[in-house]
Amino acid sequence: MSAVVVRRPSSRLRRGFDWLRGTPAGLVPLALVVGLGAGLGAVAFRYLILWFTELFSGHADYSGAGHAANHFVPRLGMFFVVLAPVVGGLIYGPVVHRFAREARGHGVPEVMLAVAERGGRIAPQVAVVKALASALCIGSGGSVGREGPIVQIGSALGSSLGQVVRLPEKRLRLLVACGAAGGISATFNAPIAGVFFAMELILNDFGAESFGAVVLTSVTAAVIGRAVFGDAPFLHLPAFHLTSPAEFVTYVLLGVLAAVVGLGFVRILYGFEDLADRIWRGPEWLRPAVGGLLLGGVLLVLPQMYGVGYPVLSGAVEGHYVVWFLLVLLVGKIIATSLTISIGGSGGVFAPSLFLGAMAGSAFGLAAHAALPGLVGSAGAYGLVGMGAVFAATSQAPITAVLIIFELTGDYSIILPLMAAVAVATALSKRLSRDTIYTLKLRRRGIDIMRGRSASLLETLTVGEAMQPVPAPLAFDAPLDDVLSRLAEGSDPAVPVVDGQGAYRGTISVRQAEAAARDNELDATAAALATAVPALSGGQTLASALSLLDNAEDDGLPVLADDGSELVGWLNHKQVLTRYRRRLADVAEDARSEPRKLGGFRVVGLSLDGNAGADVDLAGLRISEVNWPPATRVMAIRRDEAAVPVTADTVLESGDRLSVLVPAEHADDLGDLTPRPAHV
């Protein structure tokens, strides 16, 4: 009796996990849980920011308080803003450095990288560290947004849930996108924009199943956000009306201006990062505190740059500022945000993009109204459209840009001029730069998710090198009892089925046999139970085989001879990992004269183009002609989505993506590669 009590819950639990992992209906509870977590996370994160802002500044939002003093330290007067970023940096700098370095910066690129190249896997601690670090950074004066962090927080929650349930990579990526949608939805009270942010920027997939799951998560998070913060629009803006059809011309011109502002912001942001990297020589954990002195100086001159700055944004759109001051705020925000990110701060660039758009658009609207008073309407409308257009220029996500402004205001009459300006800004941005504000951060590290997967050692290994011997097959006419006996006595999760001539006819997994036993199909034979699964060939690369293995879960796949009839081997994830590690160890051993564990090496991706971080162009050089760091080996090269054989005489070309095995202490030297000096 006790054996039955133990087995039945285990069986039910396994069936429940299989249902969650493998059925469309299983996505429903997962999406709901992610939406619940993202919504609650967004609420907690906003309150955490409010609490730290009150603690560091003495105000709920210091950006609208002028040069007021902090009532907690009245003797410092308005000069407390010089010390606030320093104290904040002393707290979050060590936390980020010790527990989750990916929490540094604006967050969204790390989520995009996790979806594109890491199978949706994000470390669970990222959610907690990102929330704490970003709240401290914003609360102590960091001039960044809260939307990027909540995207990373929600995505980390979705990824953690998926990893607990052991979802296949395709669904794990989807849960990451669900978390991002939930974060945007709850933060902005914008469920539609949250959906398209996730689909357009994170997942890049508009399939029906993906869309349904993301919508469900976004709605769930929005319900939680509205229950706490209310159902009012995020921004209270003046009424808008189009004076005449001719006014569309000025909105098109605003789109051009928005593209210039957006691209300028991106270049200055990463220019500040490069400058900070060259200047700073101290420990990384101390960088936010030391750089905080510079940020404090900016805040002393322009307290409107403190934190996210939504009161200032609203004031600009409502017409409270003159043109020259709007331009000062625009320049000040670019400097303050770039400085915050470059010193190691944690926060988003979504809100700063909206802020810049509001300043640029309002200034343009005031100037245009002064020049053409009978043609141009209120400056506030231009500020509103400018918000969407600058965000579109920085992100190259026009659908999200249009929808976010619509949901922020609840005003449909703005749609047509908004679409016109966004379309122009996006088109110019794509014409002048192939990268967005998010993808450029990755490409500067040698990761180009816009081009496709990076080079991998798996592309140089074949299925034939990794496969194991064929499990003992079942005869085509074997009864169910023989099938159950074979699977119960062996260690294989699946076995092949062959006919009388030994030709492969399909596979039977443990789950299929269990289902037949559960349904009392006692007269079933192996022929009836066998299912056709994708078969591999011995010459196929392990990289291509992995995409098929992901759908096979733990069962593995058969390897057939070239004629497709004879079964020659079997491959599962364990064999892939074993062969990969053995090959990696061989490369490491070849690179070092003395034995060394793999932990002493890092695999680094390099992209041979102008934004890869290298000081010289290596195109045209042979691998042997590059002055690589000691004990470094090029493991794989991807060129035009195809693997290239790696030898000492392989000539590198512009656009190549390299996977390089390098000792950990020399990993940073890959950014300063030079040609090997010629022997005289």
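The values are calculated or read from the model by the stated rules, or taken from the named source; none is laboratory data. Predicted model only: the values in this text are computed from it and were never measured. As a convention, Cβ positions derive from the backbone with ideal geometry for all residues, glycine included, and neighbour counts pool all protein chains shown.
The residues of segment 67-99 that are among the hydrophobic types (A, V, I, L, M, F, W, C) and crowded, with 24+ Cβ neighbours inside 10 Å, listed by number, are F80, V81, A84, V96.
Residues in segment 182-207 that are small (G, A, S) and part of a helix (DSSP H, G or I): G182, G183, S185, A186, A193, G194, A198. Out of the residues in segment 166-181 that are among the aliphatic types (A, V, I, L, M) and part of a helix (DSSP H, G or I), state the one that is surrounded by the most Cβ atoms within 10 Å (Cβ to Cβ). Looking at the filtered set, the residue picked out is A181.
Within segment 171-191, can one find any residue that is modelled with pLDDT of 85 or more, within 30 Å of G58 (Cα to Cα) and among the hydrophobic types (A, V, I, L, M, F, W, C)? So far as segment 171-191 goes, yes, one or more of its residues are modelled with pLDDT of 85 or more, within 30 Å of G58 (Cα to Cα) and among the hydrophobic types (A, V, I, L, M, F, W, C). Checked against the criterion of being surrounded by fewer than 18 Cβ atoms within 10 Å (Cβ to Cβ), on the phi < 0 side of the Ramachandran plot, under 23 Å from the mean Cα position of the chain (by Cα) and not acidic (D, E), segment 272-288 has no qualifying residue. Could you tell me whether any residue of segment 180-195 is in contact with a Leu (Cβ under 6 Å, 6 or more places away or on another chain), under 19 Å from A351 (Cβ atoms) and assigned by TED's automatic domain parsing to the domain that holds G225? Yes, because at least one residue in segment 180-195 is in contact with a Leu (Cβ under 6 Å, 6 or more places away or on another chain), under 19 Å from A351 (Cβ atoms) and assigned by TED's automatic domain parsing to the domain that holds G225.
Matching residues to (1) within 30 Å of W285 (Cβ to Cβ); (2) in contact (Cβ under 8 Å) with a residue 24 or more places away in the chain; (3) surrounded by fewer than 24 Cβ atoms within 10 Å (Cβ to Cβ):
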{"position": "V322", "(1), (2), (3)": "no, yes, yes"}
{"position": "A363", "(1), (2), (3)": "no, yes, no"}
{"position": "H369", "(1), (2), (3)": "no, no, yes"}
{"position": "G377", "(1), (2), (3)": "no, yes, yes"}
{"position": "G386", "(1), (2), (3)": "no, yes, no"}
{"position": "L403", "(1), (2), (3)": "no, yes, yes"}
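Considered as a group, the residues in segment 49-66 that are more than 31 Å from the chain's Cα centre (by Cα) and not in a helix (DSSP H, G or I) include one that is surrounded by the fewest Cβ atoms within 10 Å (Cβ to Cβ), and that residue is G66. If we keep just the residues of segment 548-597 that are hydroxyl-bearing (S, T, Y) and out of contact with any Leu (no Cβ under 8 Å at 6 or more places or on another chain), which is modelled with the highest pLDDT? Among them, the one singled out is T578. Residues that are assigned to a helix (DSSP H, G or I), buried (at least 24 other Cβ atoms within 10 Å of the Cβ) and free of Cβ contacts under 8 Å to residues at least 60 places away in the same chain within segment 110-165 comprise E110, V126, V129, Q152, S155, A156, S159, listed in sequence order. Which one is nearest to R434 (Cα to Cα) among residues in segment 611-657 that are outside any loop (DSSP other than H, G, I, E, B), within 29 Å of the chain's Cα centre (by Cα) and modelled with pLDDT of 80 or more? Top of the filtered list is I637.
Being at pLDDT 90 or above, of a type in the set (A, V, I, L, M) and assigned to a helix (DSSP H, G or I) is a condition met by at least one residue of segment 365-383.
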